Amino acid sequence: NSGEALPGWLNVNTFVAKGDLQAITDAETVKGSPVLKSAAGRFKPTDVGKLCTVDKATSNTVSLYTVIVSWQSTNQVTLRDAAGVSATNAGAIWGTDDTKAIQAAIDEIDVRGGGTIYFPPGTYYIHGAPGGAHGENAQLRLPSVGCPTGRIVPITFLGACRPVMAMLRGLADNC
């Protein structure tokens, strides 16, 4: 595949998914401070407003889920929330929350009765519940396929660099 969606495929970028997640393993926080540092030098001014998760920065077992509110340099940003503990060499990720865009693509394929959702190259940030129409509490709500009513909605997820990533053929527990 050349990185383009084929005719009939639904490109997740149509729903404004960005696939711009970044990751580091040298995150540094100080207890009580909203400053996040990294020697990797991967922060950009365009990261302001993006979600950020820092491993074990709320406690020794709980990650900090927050938003980048300002950029100081390629090595430092300020977060909306202060760290609960000091951490060094912690994992951190940040990027655009693509949850609602991916959910919209899934919903559209469901309306169409099935199909292929194409993900162009990138790493997609899925965070929290999108607040589905039925009050689901999941990161993504997949259609109730393979139910006793006989409804089957095949959905294929494809990426530019890999063949079929997943094929849904039934979630009977959700009927």
Contour minus Cα-Cα distance for Q72 and R112 (0.36 nm per residue): 9.8 nm
Histogram of C-alpha separations across region 84-131, 5 Å bin width, %: 5, 16, 20, 17, 16, 9, 7, 5, 3, 2
Cut-off 15 Å (backbone N to label point 7 Å along Cα→Cβ of T14), residues of region 93-117: 101-117
Expected vector for region 79-93, Karplus 3J(HN,Hα) from phi with 6.51, -1.76, 1.60 and θ = phi - 60°, integer Hz, x for Gly and Pro, equals 9, 5, 10, 7, 5, x, 9, 7, 9, 10, 6, 8, x, 8, 10
Across all Cα atoms of region 4-89, Rg and the largest Cα-Cα distance (Dmax), in Å, are 15.4, 52
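Read the figures in this text as sums done on the coordinates, not as results from a lab. The structure displayed is predicted, hence computed values, not measured ones. With ideal geometry, Cβ positions are generated from the backbone for all residues, glycine too; neighbour counts draw on all protein chains shown.
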